[in-house]
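Values quoted throughout were computed directly from the atomic coordinates according to the rules given, and no laboratory measurement underlies them. These figures come from a predicted structure and were not determined experimentally. Here the Cβ is made from the backbone with ideal geometry for all residues, glycine too, and neighbour counts use every protein chain on show.
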Amino acid sequence: MNAPKTNISRRFPQLPARFAGVVMPFLLSVLMTAVVSLISTLRAAGFGDGTPALWLNAWAMSWVVAFPTLLLALPMVRRLTAVLVAVR
């Protein structure tokens, strides 16, 4: 069953399905490192004039580590999930 095309998918060209294994960890790493680094930056430095620059620096450094880690860890996490979750 094909999912219906949304407005956004009509506006942008889509990558072939074979890239899903890289696109999903890429998007996940961008989102998670942005949130975690923002929280860490605000807790450590508070909110002030330099906060956006501090956060951007913290985010970039954490993303450089997180993306390759996700690429390496995801196959193991999928296998562990298959062991822990019953499939009907």
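What shape does region 34-83 take by its C-alpha gyration tensor, where a ≥ b ≥ c are the square roots of the eigenvalues and a/c under 1.5 counts as rounded, a/b above b/c as prolate, and the rest as oblate? Cα axes put region 34-83 in the prolate bin.
Taking the Cα atoms of the chain, the ratio Rg/Rh between the radius of gyration and the Kirkwood radius comes to 1.10. Using +1 on the beta carbon of Lys and Arg, -1 on that of Asp and Glu, and nothing else charged, what's the dipole of the chain about the Cα centre, debye to 20? Dipole of the chain, to the nearest 20 debye: 540 debye.
Axis of helix 51-84 versus longest Cα principal axis of the chain: the two differ by about 30°, to the nearest ten degrees.
What's the angle, to the nearest 10 degrees (0 to 90), between helix 20-45's Cα axis and the longest principal axis of the chain? Taking the Cα atoms of the chain, the angle to 20-45 is about 20 degrees.
Across the chain, the mean sequence separation of Cα contacts (distance under 8 Å, 6 or more residues apart), normalised by length, yields a relative contact order of 32 percent.
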